[in-house]
């Protein structure tokens with residue numbers, strides 16, 4: 001809307017034309033009179049888009065390792081740069097893949113919301129991981145890795161990361177990528193770990209597409225520590241994939257228990273779904 005992007009040969013980021021946040025000075029001040037229940041506050045920050053590839057027919061599953069590594073490196077750079085901004089307390093990086101999860105543009109891309117807000121899931125993970133460390137003298141993320149490593153739900157792994165359908169999966173084919181060493185954010189990854197993360201992310205994307213020989217829709221979110229200057233060494237960095245499909249033609253709908261009761265129900269066995277994903281080829285059916 002604000003012009004045309006230049007020709008690019010690899011991963012490319014730009015500021016969203018319709019950001020959901022405004023920079024300092026752009027957002028009108030909130031009135032001092034504040035209702036204790038109906039509270040409000042301004043949300044400062046910015047929103048960015050990262051295009052994965054100049055070929056808009058390429059999804060993450062189609063990327064070669066070097067292209068995926070470039071994307072992970074760019075995510076790390078944007079997390080670091082945006083997190084240094086005075087008004088930014090958290091950097092959320094996510095991908096909505098497919099029309100079923102509301103994607104408005106079909107080309108492969110992700111989004112970055114960097115703002116004064118710390119999203120609810122991150123706040124709860126901060127609290128729970130800090131409490132777990134205080135109560136058990138070990139990191140929550142590492143405790144989960146130990147349990148998943150000992151179980152049957154790991155679908156792929158390398159020296160630095162594992163991918164699993166977690167014991168506590170809310171969706172049938174939910175997958176988490178977990179670091180094997182303590183990690184709070186992308187900023188903690190050196191070049192070798194960035195490369196291994198990128199490789200495993202491609203492998204997970206291929207597994208998804210190969211499951212039913214179709215592009216699998218999902219929401220991917222990178223969970224990482226806030227950037228408000230506090231110490232979050234205990235935060236459990238991880239990546240979550242939430243596919244909305246239970247079968248090729250059946251959605252997982254949020255119904256009475258989820259919307260009315262506030263608790264997710266998973267009608268499937270995570271062990272069985274992990275076995276299905278583990279059984280597919282790691283070479284894309286499209287190639």
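Quick look at the numbers
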item	result
All strands (runs of 3 or more DSSP E) inside the range 40-131 with 1 or more residues being in contact (Cβ under 8 Å) with a residue 40 or more places away in the chain and under 30 Å from residue 143 (Cβ atoms)	90-97, 109-115
Exclusive hit being touching a residue at least 12 places away in the same chain (Cβ under 8 Å), closer than 30 Å to residue 138 by Cα, part of a loop (DSSP other than H, G, I, E, B) and more than 15 Å from the chain's Cα centre (by Cα), set 271, 228	228
Filter result (in a loop (DSSP other than H, G, I, E, B), more than 19 Å from residue 189 (Cβ to Cβ) and in contact (Cβ under 8 Å) with a residue 60 or more places away in the chain) within the range 205-225	213, 215, 216, 217
Test set (1) more than 26 Å from residue 195 (Cα to Cα); (2) modelled with pLDDT under 95; (3) over 18 Å from the mean Cα position of the chain (by Cα); (4) crowded, with 16+ Cβ neighbours inside 10 Å - residue 115 fails condition number	(3)
Residue in the range 84-104 that is at positive phi and either surrounded by 21 or more Cβ atoms within 10 Å (Cβ to Cβ) or touching a helix residue (DSSP H, G or I) at 6+ places or on another chain (Cβ under 8 Å) (or both) present	no
Residue that is surrounded by the fewest Cβ atoms within 10 Å (Cβ to Cβ) [pool: residues in the range 255-277 that are within 10 Å of residue 170 (Cα to Cα) and in contact with a strand residue (DSSP E or B) (Cβ under 9 Å, 6 or more places away or on another chain)]	267
Subset tally (residues that are in contact with a helix residue (DSSP H, G or I) (Cβ under 9 Å, 6 or more places away or on another chain) and in a loop (DSSP other than H, G, I, E, B)) for the range 234-265	10
Unique match (being surrounded by 14 or more Cβ atoms within 10 Å (Cβ to Cβ), more than 23 Å from residue 97 (Cα to Cα) and either in contact (Cβ under 8 Å) with a residue 24 or more places away in the chain or in contact with a strand residue (DSSP E or B) (Cβ under 7 Å, 6 or more places away or on another chain) (or both)) among 189, 245	189
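The values are calculated or read from the model by the stated rules, or taken from the named source; none is laboratory data. Quick caveat: nothing in here was measured; it's all calculated off a predicted structure. Ideal geometry is used to build each Cβ from the backbone, glycine not excepted, and the neighbour counts take in all protein chains shown.
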